Amino acid sequence: MRDTTDGARRSPGGRAMWLAYNLLLVLLLPLVALVLLYRLIARNRTLTGFGERMGGIGGVVAGLEGDDPVVWVHAVSAGEAAAVAPVVRAVRVAEPLTRIAMSTVTSTGREMVGKRGVDPDALFFFPFDLPLIVARVLDQVRPDVLVLVETEIWPNLLYAAMRRGVRVIVVNGRISDRSYARARLLRPLFAWMLSNVDVICAQSQEDADRFVALGADPATVTVTGNSKFDEEFPVTSEADASKFRQDFGFRRDQPVLLAASTHEGEEEIVLRAFTRLRVTHADLQLVIAPRHPERGGRVEAIVHDHGYAAYRRSRALAAGGHDPLAPEGGPQVCVVVLDTMGELARVFAIATVAFVGKSLVVGGGHNILQPIALGKPAIFGPHMENFRDIAAICLREQVGFEVQDLEGLVAEVDRLLSSEGDLALVAARGPAVIDKYSGASARNAARVIELLRTALNPPDLEG
């Protein structure tokens, strides 16, 4: 490990800022408690992993025992966990004796770690960013390097890591428009936090400039690209695609509009667009995959409100494959509600056109690379702040298409469905775009490995 006095020199006024931040945190604790209570009761959340979030990870860190180096990787949710998986795999290949600890904030992130085959030596929920809890976790994990994915920078964790001599790196770093506007109001806090980070690997030059503007040392910031282009995109066999079509009641020659990862307010827009599109595309079929599967019942009710029958996937699987409440046939159009976990990535294969949600409502968007990797045109709304650079690349490469509202959605889907040439162009260009912008994971992994080797063999400053 590095000399902690080095970290102290890099964090001028660190103790005073740490005290001020935690005093503010104490004052805000009643409000934080009320927010947590609201999420538990009103939004039907659970206390899953509460013990681990309080620092009780003793039962899951046995695999870190011994003298081998440890890298702790933190990814907030599923998207970040998927993006960092190839980085972790590259570190394992280069440093096979290194133990990997991983943490996530959400249960879906934890599930994604398993799906990506990372197989960490320890997996736990990220601790609450309170001094005693963070110290407890660091004492148990004993990392040599802490890897934070995207924007997961936590004041107490960073300060405690610096004090212990832990090297810190941010990979796939980004700062969204909304986050940047807020962060500039708190620049002294961000400058203090970023002074405790050794390396920042930014997704784009704009992200790199924002980190520097918020107080990061320019010497610590580098642009490595977006590792989301390196994800392993699932391949659906023709047999599996045919099975999906059969289950959903779709013929092979029928075009399919897939509305993926939709949020409240977007299903109504999609269904209104679907009704209008069927005037000129009578065979068009619709699949709605809500981002949160627990909204399946709500989405089914919205489908019924628009005059359509519903095939609800979760109910069908529970009944052995056939939804007992879906019509057997006849004139009524049946909309598929894909309210399951783990199937969306494969269902993209039967889509003709995909719309990706959390983008027509204010929310920041979702990753659009999955349909594009399969050669499917990806349509999205104007609110793609969390995927700003990916959206810009896909627009530039003409594999992604932005719409502003219902009218734009109808027009763009109609244009694509009416042009076999445009669909064929995207089918060929989509996978090529993924290849063109890949490689960020290897660059990020190289910086993590370099930092780990520096931590284990610090330079002789006296020489």
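The values are calculated or read from the model by the stated rules, or taken from the named source; none is laboratory data. What you see is a predicted model; the values in this text were computed from it and never measured. Virtual Cβ from ideal backbone geometry, glycine too; neighbours counted across all protein chains shown.
Observations
- Leading residue by the ranking (farthest from the chain's Cα centre (by Cα)) among those in the range 88-115 that are among the basic types (Lys, Arg) and over 23 Å from residue 53 (Cα atoms): 92
- Restricting the search to strands (runs of 3 or more DSSP E) fully inside the range 249-312 and requiring at least 3 residues that are in contact with a Phe, Trp or Tyr (Cβ under 9 Å, 6 or more places away or on another chain) gives 256-262, 285-290.
- Applying the set (1) part of a helix (DSSP H, G or I); (2) outside the structural domain of residue 210 (by TED's automatic domain parsing); (3) within 24 Å of residue 208 (Cα to Cα) to residue 443 leaves exactly one unmet item: (2).
- Considering only residues in the range 170-186 that are free of Cβ contacts under 8 Å to residues at least 40 places away in the same chain, part of a helix (DSSP H, G or I) and closer than 22 Å to residue 384 by Cα, the one that is farthest from the chain's Cα centre (by Cα) turns out to be 184.
- Among (1) at positive phi; (2) more than 20 Å from the chain's Cα centre (by Cα) - the single one residue 239 does not satisfy: (1)
- Among the residues of the range 12-44, just one is at pLDDT 55 or above, in a loop (DSSP other than H, G, I, E, B) and within 19 Å of residue 155 (Cβ to Cβ), namely 13.
- Subset of the range 362-378 [assigned to a loop (DSSP other than H, G, I, E, B) and over 21 Å from residue 176 (Cα atoms)]: 374, 375, 376, 377
- Extreme residue, surrounded by the fewest Cβ atoms within 10 Å (Cβ to Cβ), among residues of the range 176-201 that are over 30 Å from residue 458 (Cβ atoms) and not charged (D, E, K, R): 185
- Residue check, residue 189 in a helix (DSSP H, G or I) and either at pLDDT 95 or above or of a type in the set (Asp, Glu) (or both): no
- Just one residue in the set 289, 273 is aliphatic (A, V, I, L, M), farther than 28 Å from residue 107 by Cα and surrounded by 21 or more Cβ atoms within 10 Å (Cβ to Cβ); that residue is 273.
- Being among the charged types (D, E, K, R), in contact with a Lys or Arg (Cβ under 8 Å, 6 or more places away or on another chain) and closer than 30 Å to residue 151 by Cα is true of residue 397.
Matching residues to (1) under 23 Å from residue 448 (Cβ atoms); (2) touching a residue at least 24 places away in the same chain (Cβ under 8 Å); (3) not assigned by TED's automatic domain parsing to the domain that holds residue 73:
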position	(1), (2), (3)
207	yes, yes, no
210	yes, yes, no
213	no, yes, no
252	no, no, yes
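- The residues in the range 262-307 that are under 22 Å from residue 342 (Cα atoms) and not β-branched (Val, Ile, Thr) can be counted, and the count is 17.
- In the range 374-417, the residues that are exposed (fewer than 15 other Cβ atoms within 10 Å of the Cβ) and touching a residue at least 40 places away in the same chain (Cβ under 8 Å): 405
- Filter result (in contact with a His (Cβ under 6 Å, 6 or more places away or on another chain) and not in a strand (DSSP E or B)) within the range 96-125: none
- In this structure, residue 424 does not satisfy being closer than 25 Å to residue 248 by Cβ, assigned to a strand (DSSP E or B) and over 17 Å from the mean Cα position of the chain (by Cα).
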